[in-house]
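What follows is a set of notes on a single structure, which appears directly below.
Quick note: the coordinates plus some simple rules give every number you see, no bench work behind them. Please read all numbers here as calculations on a predicted model, not as lab measurements. All Cβ positions, glycine included, derive from the backbone under ideal geometry; neighbour counts span all protein chains shown.
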Amino acid sequence: MRIKNIKKIIGLIIFFVIVCASNFIDYGNKVFEVKNPSEIFIDLNNNLVFDEKEPFVFDNIHYINKNTNLESYPILKQLTDNEKFFLEYMAIEKANNLLKNKYVKLKDNDIFIKNKSYTSELLKSKYVFDDTEKSQQELLDNIKSINLDDYVILNTKTKKYHKFNCESGRKSNKYKIVKLSEAKETASPCKSCHLTPIYQNEKPQIIQKVQKEI
Ligand SMILES: [Zn+2]
């Protein structure tokens with residue numbers, strides 16, 4: 001009986017120590033919402049309630065979107081419409097991957113995920129840029145090295161995939177940008193933007209046939 005009681009007491013002590021210790025571990029603050037790559041809502045007072053207070057704003061991190069005034073960034077004026085569309089999506093996606101639902105720490109006007117700086121990880125992706133010309137040039141070189149024909153807009157609701165310039169692809173608010181090879185496995189091509197080129201390819205064959213008959 002005595003040994004059993006001692007075991008019980010030891011068990012309770014261990015449990016108590018673990019509970020106490022876990023209260024002292026600083027997990028940081030939870031990220032509630034990544035509004036965009038430079039506006040982040042964080043649970044600053046750790047009450048687990050989304051208070052909608054002022055977001056954490058990075059004035060020195062920029063991403064391409066419809067409000068970006070490219071006159072301020074001459075290097076980026078050569079971006080095409082499709083490249084801008086791709087960059088906006090990828091920047092938001094990268095910021096979400098880094099921060100969404102994560103516990104972070106705030107230090108030196110930056111957000112840290114474990115010991116990684118959010119701003120430097122984001123800039124490393126080359127989908128966003130800061131005020132330096134070097135960073136803008138890196139973003140430009142990065143997007144020019146990507147073959148956008150390898151990517152499509154995948155409407156996750158209708159399971160149709162579209163080219164970047166397709167109006168109906170862009171209009172949907174339930175879409176992802178994915179590799180064409182990935183889209184082909186789970187979705188079907190949009191008739192208005194994807195089937196036209198196949199028809200054009202068939203045309204020369206018909207012309208050849210007619211010529212032979214003549
Ligand atoms: Zn389409």
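By how many nm would the segment from E93 to F112 grow when fully extended, if each residue of separation counts as 0.36 nm and the alpha-carbon distance is taken off?
5.1 nm
Taking all pairs of different Cα atoms in segment 27-146, averaging 1/r and flipping that mean, what Kirkwood radius in angstroms comes out?
14.9
In what sequence, highest mean first, do 109-121, 91-103 appear when ranked by Cβ atoms within 10 angstrom? Let's see the in-between values first.
Numbers: 109-121: 14.7, 91-103: 17.7.
By packing density, highest mean first, the sequence is 91-103, 109-121.
Please go through the residue pairs K84/K144; K66/K171; K66/K102; K66/K116; K116/K179; K35/K171 and name each one whose alpha carbons sit more than 18 Å apart in this structure.
Values: K84/K144 11 Å; K66/K171 14 Å; K66/K102 28 Å; K66/K116 30 Å; K116/K179 28 Å; K35/K171 20 Å.
Result: K66/K102; K66/K116; K116/K179; K35/K171 exceed 18 Å.
Would you order H194, H62 from fewest to most other beta-carbon atoms within 10 Å of each residue's own beta-carbon?
Taking fewest neighbouring Cβ atoms as first place, the list is H194, H62.
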